[in-house]
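The values are calculated or read from the model by the stated rules, or taken from the named source; none is laboratory data. Since we're looking at a predicted model, the values are computed, not measured. Positions of Cβ are backbone-derived with ideal geometry, glycine not excepted, and every protein chain shown enters the neighbour counts. We work out accessible area using only protein heavy atoms, side chains counted, and drop any ligands, DNA or RNA first. Shrake-Rupley method; radii C 1.70, N 1.55, O 1.52, S 1.80 Å.
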Amino acid sequence: MVALPTSFVLRMQAQLGTEYPEFEQSFLKKPPTSIRTNPEKNHRMSGLPIPWCTHGLYIHERPVFTLDPLFHGGTYYVQEASSMLLEQAIKQTTEPDKPIVALDLCAAPGGKSTHLLSLLPKDSLLVCNEVIRSRATILAENIQKWGYGNAVVTNNDPEDFHSLKGLFDVVVIDAPCSGEGLFRKDENACGEWSTENAELCALRQQRILRSIWPSLKEGGVLIYSTCTYNPDENELNIKQILEGGDAENISLSLNPDWGVVSLKNGYQCYPHRLEGEGFYLAAIRKISPSETVHLRSKKDVARPGKGVAESVRNWIHGSFLLRQHQDLIIAIPEKHYLLIEFLSSVLKVIHRGTAIGIVKHEKIIPDHGLALSIHLKKESFLQMSVSLEQARIYLKKDTFYQEHAAKGHALVIYEDNPIGWVNLLGNRINNLYPTEWRIRMSL
Ligand code: SAM
């Protein structure tokens, strides 16, 4: 068992009272492994349902996810079960048929964002933001794997959102925190913990909340979560906003059998009460009036030439506008075109919509993002089904061969799911898997 820091133990004893020994015992149990499947793709995962999340599953064994082609195809996401409680907050605070604009402010590596994409009403737009550049790149990769075209990935500090007043219907802040809820899973989290660090986390969270508050619409919902038990990082932060008179608390209806503890302002998951790690979540509604940003139409980004547009017309389903950024053709959801272009003028957008392909010598080389897109018209392309062994070689970006009469770009299909592209050249195959995404583990 991990050696828990003494001041943490003392605080938890005071917090949990007679329940504390049970809490401590839970550290002797193996943490459950859980995943969330992508409702738009063909997964073959099985397990016990996670009661508060429609597509959440506890799986019996922890496979080597890196070696599973369906993991790279975005058919499921490996995610801690308690954090899937977000689903209840979204379902109970949004109307299923009313499209919204949502922001996931602290989004990398993408657990909440991919969950939100599966949950938000049709035709909604999700802005997934991450302040640390390297993490934002991983976020963009995971968003593309999940395959939804109604997302924008940005790499900004919360302060940078200050001009986007009253823009968002929902803001999710899964705040950087002292990580107490992960002590059982990750010994490093325990080693890095100190009361001073927890205090700094609370101050940072207050700064984040203050920065983003003006971007929330009047009547909009802020969902705040952490993976800690520290009241200063949880209840106190929410209490401060509520006391300012700008917001009202939203109470969620959670089945008592789930074992989630209701606090004054939010909800806490404990590992001795449910199958999951420590997690806190609160939902509040903004009641104070807010200014509203006016979307200025910018100079339009280049449209691709007629020939290019004609070639890709049959590549995706849905209402998209095609735009060309340098050589890259992107499909942007028509409904959100103006907003996405406006966001690009204010924020550092590193991914938007669906990457369709690169124009090269008047031809288009299909983009990896298109292969993983849920909007892809699979039937418009040559297809090459691969075995598990071939799929793994493909994901390592190594060479392999399969007899094919046809020539040209083909989708690589593993168990009904596209996992990327190859170029069939007759006597050999060009592996087009993105170099920076390739798996480095030996097979
Ligand atoms: N929501 C993510 C998910 O479900 O996969 C996990 C987010 S993690 C708990 C918190 C994130 O906040 C990290 O990616 C971290 O880089 C980012 N972060 C750190 N400092 C920040 C700050 N000052 N402002 C905003 N985000 C910050």
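Out of all DSSP beta bridges with both ends in the stretch 335-417, state the antiparallel percent to the nearest 5.
Bridges in the stretch 335-417 are about 55 percent antiparallel.
Just how large is the dipole of the stretch 238-335 about the Cα centre, in debye to the nearest 20, putting +1 at every Lys and Arg Cβ and -1 at every Asp and Glu Cβ? Let's see the in-between values first.
Details: 13 positive and 11 negative charges, 106 e Å.
Using Cβ point charges on Lys, Arg, Asp and Glu, the stretch 238-335 gives about 500 debye.
Not counting ligands, DNA or RNA, and with a 1.4 Å probe, what is K407's accessible surface area in Å² rounded to the nearest 10?
140 Å²
Using a 1.4 angstrom probe and counting only protein chains, how large is the accessible area of M441 in Å², to 10?
80 Å²
Stretched out fully, how many nm does the piece from R207 to S253 gain, at 0.36 nm a residue minus the Cα gap?
Answer, rounded to one decimal: 13.6 nm.
Output the pairs from K145/K377; K306/K377; K91/K377; K41/K378; K306/K360; K98/K378 with a Cα-Cα distance over 18 Å in this structure; if there are none, say none.
Violating the 18 Å Cα-Cα cut-off are K306/K377; K91/K377; K98/K378.
Take the chain, connect every pair of alpha-carbon atoms lying under 10 Å apart with a spring to form a Gaussian network, then pick out the residue of A302, A175, A140 with the largest mean-square fluctuation.
A302
With helices defined as uninterrupted DSSP H runs, which ones in the chain have an alpha carbon span along their own long axis of at least 18 Å and mean Kyte-Doolittle hydropathy of at least -0.5?
Long hydrophobic helices here: 195-212.
E19: accessible area at probe 1.4 Å, nearest 10 Å²?
Counting only protein heavy atoms, the figure is 50 Å².
Of all DSSP beta bridges in the chain, what percent run antiparallel (nearest 5)?
70 percent
Which one, S113, S253, S385, has the greatest fluctuation when you compute a Gaussian network model over the chain with C-alpha springs under 10 angstrom?
Result for the chain, Cα springs under 10 Å: S253 fluctuates most.
Round to the nearest 0.05 the FRET efficiency obtained for L242 and L443 when R0 = 60 Å and r is the Cβ-Cβ distance.
Working from the Cβ atoms, E equals 0.65.
So what is the relative contact order of the stretch 147-244, in percent, for Cα pairs below 8 Å that sit 6 or more residues apart?
Working: 115 pairs, mean separation 40.9, N = 98.
Relative contact order for the stretch 147-244 comes out at 42 percent.
In the stretch 242-331, which trypsin sites (Lys or Arg not before Pro) fall in coil by DSSP and have 14 or fewer other Cβ atoms within 10 Å? Don't skip to the end; give the middle numbers.
Numbers: sites: K264, R273, R285, K286, R296, K298, K299, K306, R313, R323; in loops: K264, R273, R296, K298, K299, R313.
Here the trypsin sites (Lys or Arg not before Pro) that fit, given the DSSP loop and packing criteria, are K264, R296, K298, K299, R313.
Using +1 at the C-beta of Lys and Arg and -1 at the C-beta of Asp and Glu, which of S215, Q240, T226 has the Cα lying farthest in the positive direction of the dipole of the stretch 181-243?
Among S215, Q240, T226, the one farthest towards the positive end of the dipole of the stretch 181-243 is S215.
FRET efficiency for S345 and N188, Cβ-Cβ distance as r, R0 = 45 Å, nearest 0.05?
0.70
Below 8 Å, C-alpha to C-alpha, sequence gap of six or more: please give me the relative contact order for the stretch 199-334 in percent.
In percent, rounded to a whole number, it is 23.
What number, in percent, do you get for the relative contact order of the stretch 31-97 if the mean sequence gap of Cα pairs under 8 Å and at least 6 apart is divided by its residue count? Write out the running numbers ahead of the final one.
Values: 86 pairs, mean separation 26.0, N = 67.
Relative contact order here is 39 percent.
Mind checking the full-extension length gain between T292 and Q92? Use 0.36 nm per residue of separation minus the Cα-Cα distance, one decimal, nm. Intermediate results must be reported in sequence, preceding the final value.
Working: separation 200, 0.36 × 200 = 72.00 nm, distance 2.50 nm.
Residue separation times 0.36 nm, minus the Cα-Cα distance, leaves 69.5 nm.
Could I have the simple spin-label model distance between K306 and S7, label points 7 Å from Cα toward Cβ, reported in nm to one decimal?
A separation of 7.2 nm, rounded to one decimal place.
I'd like the FRET efficiency for E22 and E61, computed as 1/(1 + (r/R0)^6) with the beta carbon distance as r and R0 of 25 Å, rounded to 0.05.
0.40
Give me the number: length gained by fully extending K360 to L48, i.e. 0.36 nm times residue separation minus the C-alpha to C-alpha distance, one decimal in nm.
Contour length minus Cα-Cα distance gives 107.5 nm.
Identify which of Q15, Q205, Q88 has the largest mean-square fluctuation in a Gaussian network model of the chain, with springs joining Cα atoms closer than 10 Å.
Q15
Lys/Arg Cβ at +1, Asp/Glu Cβ at -1, dipole of the stretch 258-301 taken about the Cα centre: which of P271, I284, L295 is farthest positive-ward?
It is L295, whose Cα lies furthest towards the positive end.
Separation between the E196 and K29 pseudo-spin-labels, each 7 Å from Cα along Cα→Cβ, expressed in nm?
3.6 nm
Would you please give the residues with an amide H less than 5 Å from that of V153, counting only those at least 5 places away or on a separate chain, with H modeled from the backbone geometry?
Here the answer is C128, I350, H351, R352, since their amide H atoms fall under 5 Å of that of V153.
In what sequence, largest accessible area first, do E40, E243 appear using a 1.4 Å probe?
Working: E40 110, E243 130 Å².
I get E243, E40, largest accessible area first.
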